[in-house]
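All remarks here apply to the structure that follows.
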Amino acid sequence: MPLILLSALNRIALAAVTLFGVAVVVFVLLRVVPGDPIAMMISPGSTPEQIAQMRANYGLDGSILSQFWIWLKAILLGDFGTSISLRRNVLELLAERLPATLELAVAALVFAVLLGGAIAIIGTLVRRTFLEPVLDTVNGTILAVPDFVWALALISVFGVFFPVFPLSGRVDPSVQNDFFTYFYLIESLLTLRLSAIVDISSHMIMPVLALGLPLAAIIARVLKEALLEAMVQDYILLAKLKGKSNLRLIMQEALRNAIGPTVALTGVQFTFLIGGTVIVERIFAYPGIGNMAIDAVINRDLPLIQGLVLVFGALFILINLGVDLLVAAFNPRLRHA
Amino acid sequence: MTEPFLSITGLSAVSDRENGAPILRDVSLRLERGEVRGLVGESGAGKSTIAKALLGILPRTVRVTGGAIRFEGQDLLTLKPKQLSDIMGSEISLIPQDPQTALNPGRRVESQLTDGLRMRRGLSRQAAHDKALKLLEEVHIRDPERVLKAYPHELSGGMRQRVLIAAAFALEPKLVVADEPTTALDVTVQKQILRLIRGMQKTHGTGMIFVTHDLGVVAQICDTVTLLYAGKVIEAGPTAQVLATPKHAYTKALLAAGPRYDRPTAGLEPVPQAIFDQLRAEMGIM
């Protein structure tokens, strides 16, 4: 037990160091690359004195080191500063937008795992039939198309030619009024508000498909490979002699040994998926942190960009931690280590 | 003459991968209830192919071209998959060669030992658990409760093979096919496992096909022996008789080739080339 505790503490310390590194890099980079947030704000005809005054107001007149020190102290006290473009507290903005992205990303992940798992299992079942190459080809095609192309294709098919799904946004204004949290989908599921569930889901379907399809294809490919490798082992032969059907052999015998490498890879790919939310949220005008990140960069909104990058960094670290735990949970040989 | 317990008559098979090269040439053998017959031969002699044919798990590259395998009056080669699968694992079971790969690394011993009992015999979880405990005691596993909860990687190779032997006898099969069950174990454990298999076979009165390349093992455990070369039966008979007064020159040479405890300094004699030439001539192969 103390060993587990030690390793947990170790991970937390490592996470803190990583986040600090992310903070330094982003902070310095944003101030070294060209582009001045003040230049975005000044009205035409401002005098140099007015500009200097404004620069001082935002604390942008000190050295990078002193700016960083001020920012770091504030962050440790929970103050992420005020967004320059939106004139609102950064932490509040993040708290509003992050749940939207989390719901989207997790929904895409669940969809990808279910679809990818199903393709892998069916692919293993139809091994050596004419269906196997068909399935492999379909899967390869899904894999080859990137998320933003899926997004555009989905919009033209299900948004324009057959307008079945809403093109943009997260929830229709006619539904949205009295949510307690910003986890709209989870909240409406918990409170069983059917109309809200339907509306939010229909807004999420296309972005979820766009984000989830490529990941599903990756999962399918890796899991099928691992399943086929497991299916030639002697323990499968023995289980087959016990009279297990092919489906049972996969589900009860092979899957638990094939799932480890797939979980590890899915974790890595999930961080890419979160990166993908930036462009996909933009395309669907979905109000998450990815969409907000693009605006923040365009507006040179330094406090907001810094806050967003820290949130993305923390997410990646948490995902990796979760993946390590899951991999250990699926592999009895790692459980005691 | 009454129908024997198990008889293989004129079994022939070819490999589709090697342009129809014969793997089994007109193999016949029989086994009485409670008899242990050794199948001996070098690699590629066809002993494993016979074992696989008995279990209905021939690889798809192997095609049976003739003959029959009659088990208690039914021809296993003409049974429908459903009927075959009802016999396999239940009436006929397997002790596999490699205990490292024959247990699922992701499942506890208990679930692997009991799912045959639960699926085939309809035992409840508790009844299957009790039966599994008894089986582990029978194969001399000291702490059966702990072993049932263990994952395979927590057990030694000898322990795993004991678990697999227990699993092979779990459903009281009439025939056990042992496919080189001691090859992957170290020598000290081999002896114990052989004795254990022999003991289990005797108490349960099970017929057994024991595949091995080791004539010493045959001498210890088999009542009768069938010697194969290149898919053909070279010599067959009661073990004592075949080993004491071998008829075929190949058998003699094989016996001479084995190391002996009583003459450890004598060099190991390879089987002379002339004997292989003679074997090939007899079979009409180049």
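The values are calculated or read from the model by the stated rules, or taken from the named source; none is laboratory data. Every value quoted in this text rests on a predicted model; they were computed, and no experiment measured them. Backbone-built Cβ (ideal geometry, glycine too); neighbour counts: all protein chains shown. Calculation scope for accessible area: heavy atoms of the full protein, side chains included, ligands and nucleic acids excluded. Shrake-Rupley method; radii C 1.70, N 1.55, O 1.52, S 1.80 Å.
A few remarks follow.
- Qualifying residue in segment A:227-235 (condition: within 14 Å of chain B (Cβ to nearest Cβ), buried (at least 21 other Cβ atoms within 10 Å of the Cβ) and more than 30 Å from B:GLU172 (Cα to Cα)): yes
- Of all residues assigned to segment A:252-274, none qualifies as being away from chain B (no Cβ under 14 Å), touching a Lys or Arg at 6+ places or on another chain (Cβ under 9 Å), touching a residue at least 24 places away in the same chain (Cβ under 8 Å) and not charged (D, E, K, R).
- B:ALA132 being more than 11 Å from chain A (Cβ to nearest Cβ), open to solvent by less than 10 Å² (accessible area, probe 1.4 Å), more than 24 Å from B:ILE209 (Cβ to Cβ) and without any contact (Cβ under 8 Å) to a residue 24 or more places away in the chain: no
- For segment B:257-280, the set of residues classified as open to solvent by less than 100 Å² (accessible area, probe 1.4 Å), assigned to a helix (DSSP H, G or I), modelled with pLDDT of 80 or more and not basic (Lys, Arg) consists of B:ALA274, B:ILE275, B:PHE276, B:ASP277, B:GLN278, B:LEU279, listed by residue number.
- Taken over segment A:143-171, the criterion of being open to solvent by 50 Å² or more (accessible area, probe 1.4 Å), part of a loop (DSSP other than H, G, I, E, B) and without any contact (Cβ under 8 Å) to a residue 40 or more places away in the chain is satisfied by A:PHE162, A:PRO163, A:VAL164.
- Enumeration of residues in segment B:5-25 that are part of a loop (DSSP other than H, G, I, E, B) and over 19 Å from the mean Cα position of the chain (by Cα): B:ASP16, B:ARG17, B:GLU18, B:ASN19, B:GLY20
- The helices (runs of 4 or more DSSP H) falling completely within segment B:148-241 that include 3 or more residues that are within 14 Å of chain A (Cβ to nearest Cβ) and more than 20 Å from B:GLU35 (Cα to Cα) map to B:157-169.
- Residue selected from segment B:106-136 under the condition of a type in the set (Asp, Glu) and out of contact with any helix residue (DSSP H, G or I) (no Cβ under 6 Å at 6 or more places or on another chain), by the criterion farthest from A:LEU249 (Cα to Cα): B:ASP130
- For segment B:90-106, the set of residues classified as at the interface with another protein chain (Cβ under 7 Å from one of its Cβ atoms) and more than 12 Å from B:LEU164 (Cα to Cα) consists of B:PRO105, B:GLY106, listed by residue number.
- Screening A:PRO287 against (1) part of a helix (DSSP H, G or I); (2) within 26 Å of A:LEU209 (Cβ to Cβ); (3) not acidic (Asp, Glu) leaves a single unmet condition, (1).
- The C-beta contact set for segment A:197-216 (first residue closer than 15 Å to A:ILE186 by Cα and touching a residue at least 12 places away in the same chain (Cβ under 8 Å), second residue of a type in the set (Ser, Thr, Tyr) and in a helix (DSSP H, G or I), distance under 6 angstrom, 6+ apart or interchain) comprises A:ILE197/A:SER188; A:ILE200/A:TYR184.
- Entirely in segment B:26-123, the helices (runs of 4 or more DSSP H) that have 3 or more residues that are crowded, with 21+ Cβ neighbours inside 10 Å: B:47-55, B:109-121
- Taken together, the criteria exclude B:GLU145 from residues that are among the acidic types (Asp, Glu) and either free of Cβ contacts under 8 Å to residues at least 12 places away in the same chain or surrounded by 18 or more Cβ atoms within 10 Å (Cβ to Cβ) (or both).
- Scan of segment B:236-259 for residues that are over 15 Å from B:GLN220 (Cα atoms) and β-branched (Val, Ile, Thr), ordered by number: B:THR245, B:THR251
- Residue within segment A:101-112 that is open to solvent by less than 30 Å² (accessible area, probe 1.4 Å) and under 18 Å from A:GLY313 (Cβ atoms) present: yes
- Of the candidates A:ASP61, A:ASP36, A:ASP79, the single residue that is touching a residue at least 40 places away in the same chain (Cβ under 8 Å) and surrounded by 12 or more Cβ atoms within 10 Å (Cβ to Cβ) is A:ASP36.
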